Structure formats: structure tokens, C-alpha cells
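Since the structure comes first, as C-alpha cells, the remarks are kept for the end.
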Amino acid sequence: MADTYDFGLVGLGVMGRNFILNVADNGFTAYGNDLDEEKVNALISEGGDTSKVNASTDAKTFVAALSTPRKIMLLVPAGKVVDIVIESLLPHLDQGDIIIDGGNSFFTDTDRREAYLKEKGINFFGAGVSGGAKGARKGPSIMPGGSREAYQYVKPVFEAVSAKYKGEPCVAYLGPKSAGNYVKMVHNGIEYGLMQLTSEIYDLLKKAGGLDNETLHQTFASWNAGRLQSFLVEITSQIFAQKDDLGDGHLVDKILDKAKQKGTGKWTSQNAMDLGIPVPTIDIAVSMREISALKNERLEADKIYDRPTPESVVKDSLVGKAEQALYFSFIMTYAQGMHQLADASNEYGYELQLGEIAKIWRAGCIIRAALLADITEAFQADAGLRNLLLSPSFVPKVKETVGAARELVAYGATNGIPLPGLSNALTYFDAYTSGRLPLNLIQAQRDYFGSHTYERLDQEGIFHTEWED
Ligand code: 6PG
């Protein structure tokens, strides 16, 4: 039947199919579109009742089935495919229709598409969707950016399908243009940081504390019942319990130690560099995936260089310190990501409300964590907060845990266990909280060899010295 479906979705892969079924579960009628007939048929049979969920391989039939203004979400791979799908829809659309890109598109692509479609009277949203396949089905965190006026048409669907934190939907209008994709990109940068830190703590517990998989499972599970409660700590605990179905032992021990990436962490890092915002824990998380990819070279180098045998430690005390260090470094990672968002908001005119962002990250998304409730409160108490480290509610949390981070970083360095994320988090803290850094010397060097000038502590103005050879 034409014109009757509330919501359209292009791209019926796992994410798309799950999202559209979620839309239907929440009382909206939904229509899917995919070039792959098998996927179309699979959705129709899973949807059960075609008056509620239907699909077609044909773009014209798909568009005609939707009520106006049409709300069409794309869940297709980021990049060229998004442009191709937009072009295939355009001839059939009317002014005022809305296209929502739910993929991990690069934010400048979203700006380009938004401007292009605006000329044609079409509203374009870049909406980050986090939570993986399960999240799409049961409730993701959704990060939409685009036209505020057009958001009213999308809002009821998004609020219904999103995850809920104590009844509050994990979706909010974030800002104009590419605000949604930008926020999702930084979400992923934080995700990279948290994952890297978790893997380092695992390494430390295993090598220094001799914890086996069963104990690691219990340790992470008990941490997940405390202040470290988070999706990533929860799944980490479950990973250690997973037996290998292709052989003996635990699956985690059989997995090749080369981490892949699709680019969003790297973009976060690259853009932070462009903005001049330090996000060292995210940077190193990207670099570690790159080092991990050099498996053959690592194996070769491993044979050349000796490594100290880790000194034995008291297991219980190690586990306690590891919990504190992980908590400390998680805070540093969120602090860096939020700082990047604050500056990007000024640079790109997003008008981001950091409290709103932390709020919609409290459930549904990959970086959801108990900490995000505290982060939300910190930004609600002070919307202009420059850095979480300056929030009165975070000061005691950091003071209480930094000592453990210091001890473990020192232990890792002496015993040859690489803890780059943790040490970068600590260095970030030490540098950010140092009123005086030695970069006066860098200024002197720059002036010495290049007459680049310097400023002084005791006088206003720009100075240059003819340094003596
Ligand atoms: C999410 C995730 C997701 C991301 C994967 C893979 O929020 O659901 O961030 O969008 O694509 O985590 O990312 P990498 O392949 O780069 O690790």
C-alpha cells in the first residue's frame, strides 16, 4: 500500500534489519529497501505482517510507500555507497523529505551532503548509531545532527527505539550539520582508548599476577559490579569465560593479536591534531592497533631482545591497584574526548551541550558506563567545564586512584610489560596539572635556531634574542 509507512530504511544488513524490526516493535510501520532480494525477503518473513513491515528492492516503490515528509534512514557502509544511495533516492523524493545517514560517515562528508541536499529542499541528518547489532535491535544510543526544525519529525521514532537510561531516551538533537557524526567519531575514539586500556590491564594481571582466564572472568565481573560498571568491562568478563569450540581451552588465547580498525579512532586522533587538542590516550590506542598489525616483525624482534621476567607481586594487591588504575585511566580518556568535543563545537559551530552528550551515552552505546552518569552531572553542574579534571566532583576520584596508576606504570616499565595507554593517561594527567612545563626550553631553542621569538613570564610582548654561539 502506498504512502502508509512511517519510516523507511535503506540497507538491510544485520544492523539495518535489526533497526527496522526495533522501529516496528515500537508501534511504527516501517519499509525497507536493499538491492539484495534475499535480504528484502528475509525482512518480510521476519516482520511477519506486511502491513507493519514491508520491503522492496526498488527505490521508487520504496519511496512511494512512505508517508510524507518521508523519513529515510541509511544503514549502509560509510563512503561512496552513501552518495550512490542518495542519488538513487533523489529522483523520487519531495521537498521537505528527510534522509538520515546512520553510518560512521566522516563528518566533512556529512557537511558536503547536507549542503548539497539543502539546495534540493531535502533535510539531511548524520546520526551516529552505537550499540552494535544487539543495540540496533533492543535500543541503541543515537546521536543525530542536522536541521533542528526537521528533527521534530524524526524525534518520536528515535526516542521510541533508542535505549533508555532510567526511562530517559538515549537520543537527543545534538546540533546542526555534522554534529551527530562528529560526536559519534569521538565516541569511537573514546571506545578505542577504553579498549586499549582494558587490554593492558588484562596483560598486567596475566603476566604479573598470573591470573588465569577463570580468575580474570571473576575479576572483571566483580569490577563490573562496582564503579567500573560498563559495557566493555562486562563483555571483557564474559570473553574470559568463553571456551574454544574448535579446540581445548579458552577462545581468547587462540585469537590472533592483530587488531583491525575501520578508521573512526584514527579520524578522532587526526582531527584532534588539527584542532590542537591533546588526546594522547586515543592516539596511542590507534598506534597500538598499528603496532599489533606488525605481527611478523614483532616475532622477529622478540627473538633479538631479552625481556625482564616480571617480578612476582601480591595478587590481591595487584588486582586492587589494577581496578584503581583502570578507573583513573578511563576518566582520563573520557576527559580527553569531552575536551575535544568542546573545542570542536566552537570550531565548527555545533553548539554542543556536553551534558546532553554524556546523558545519551549512559545506555545503549559501546562506551556506556556508570562513569557517564557522573560525567553528565559534572557537565550539568557547569556547562562551560573545560576539562573533567577541573570538575570538583572528579577531583577526589582522580586523587584517590592516581597513585595506583603511578605504581603500575612504574612496574610495567621495569618489568617490560607495555602499558602505553595507561602511561599516556598518567602523563596526560601530570602534564595537564603542571603549572610549569619545560616547554620554555623549546621556545628558547626555536628562537635560537630560527628567530621564532618567545614570550616572557615577567613582561608583556614578543621577544627575540641574539643567542651566543
Ligand atoms: C558502535 C561502534 C561501531 C564501530 C565498531 C568497529 O558504537 O557501535 O563504535 O560503530 O564500527 O566498534 O570499529 P573498529 O572496526 O574501528 O574497531
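No value in this document is a laboratory result; all are computed from the given coordinates. Fair warning: this is a prediction, and the values are worked out from it, not measured in the lab. Here Cβ is always computed from backbone atoms with ideal geometry, including for glycine, and neighbour counts include all displayed protein chains.
The order of the peptides 56-69, 381-394 by mean Cβ neighbours within 10 Å, most packed first, is 56-69, 381-394.
Centre-to-centre separation between the Cα atoms of segment 121-155 and those of segment 204-226: 37 Å. Excluding same-chain neighbours fewer than eight residues apart, the lysines reachable from Lys399 by a Cα-Cα span under 28 Å are Lys206, Lys207, Lys315, Lys321, Lys359. Computed log10 I(q)/I(0) for the chain at 0.06, 0.08, 0.11 Å⁻¹: -0.32, -0.55, -0.96, from the Debye equation with unit scatterers placed on every C-alpha and solvent omitted.
Ranked by the mean number of other Cβ atoms within 10 Å of their residues, highest first, the peptides 20-31, 178-189 fall in the order 178-189, 20-31.
Rounded to the nearest 20, the size of the Cβ-charge dipole of the chain about its Cα centre is 860 debye, with Lys and Arg at +1 and Asp and Glu at -1. Relative to the dominant Cα principal axis of the chain, helix 371-381 is inclined by about 90°. Note on Ile462 and Thr427: their simple-model spin labels are 3.1 nm apart, each label 7 Å out from Cα toward Cβ. Listed by chain and number, the lysines placed with their C-alpha closer than 22 angstrom to that of Lys39 are Lys52, Lys60, Lys71, Lys80, Lys134, Lys138; residues fewer than eight positions away on the same chain are left out. Residue order for Phe330, Phe463, fewest other beta carbons within 10 angstrom first, comes to Phe463, Phe330.
With helices as the sole contributors, the chain gives -17500 deg cm²/dmol at 222 nm; each DSSP H run of n ≥ 4 counts as -39500 (n - 2.57), and the sum is divided by every residue.
Expressed as a fraction of 2.2 N^0.38 Å, the value expected for a compact globular protein of N residues, the C-alpha radius of gyration of segment 205-353 is 1.27. Put one equal scatterer on each alpha carbon of segment 7-177, apply the Debye formula with no solvent term, and list log10 I(q)/I(0) at q = 0.09, 0.14, 0.16, 0.17 1/Å to two decimals. Rounded to two decimals, the profile gives -0.25, -0.64, -0.87, -0.99.
Straight Cα distances below 17 angstrom link Lys266 to the lysines Lys184, Lys258, with same-chain residues fewer than 8 positions distant left out.
Would you mind pulling out the separation of the Cα centroids of segment 59-113 and segment 294-349, in Å? Each part's Cα centre sits 39 Å from the other's.
Look at Leu12, Leu93, Leu174, Leu299 and count the other Cβ atoms within 10 Å of each Cβ; fewest to most, that gives Leu299, Leu93, Leu12, Leu174. Taking the Cα atoms only, what angle lies between the long axis of helix 439-450 and the longest principal axis of the chain, rounded to 10 degrees? On a 0 to 90 degree scale, this one is about 90. Ordering Asp97, Asp83 by the number of other Cβ atoms within 10 Å of each residue's own Cβ, fewest first, gives Asp83, Asp97. If both residues of a DSSP beta bridge must be in the chain, then about 30% of such bridges are antiparallel.
Over segment 414-465, the fraction of Cα-Cα pairs per 10 Å bin, rounded to whole percents and listed from the shortest bin up, is 21, 32, 25, 17, 5.
Expressed as an acute angle from 0 to 90° and rounded to the nearest 10, what is the orientation of the C-alpha long axis of helix 315-348 relative to the principal long axis of the chain? That helix lies at roughly 60 degrees to the long axis.
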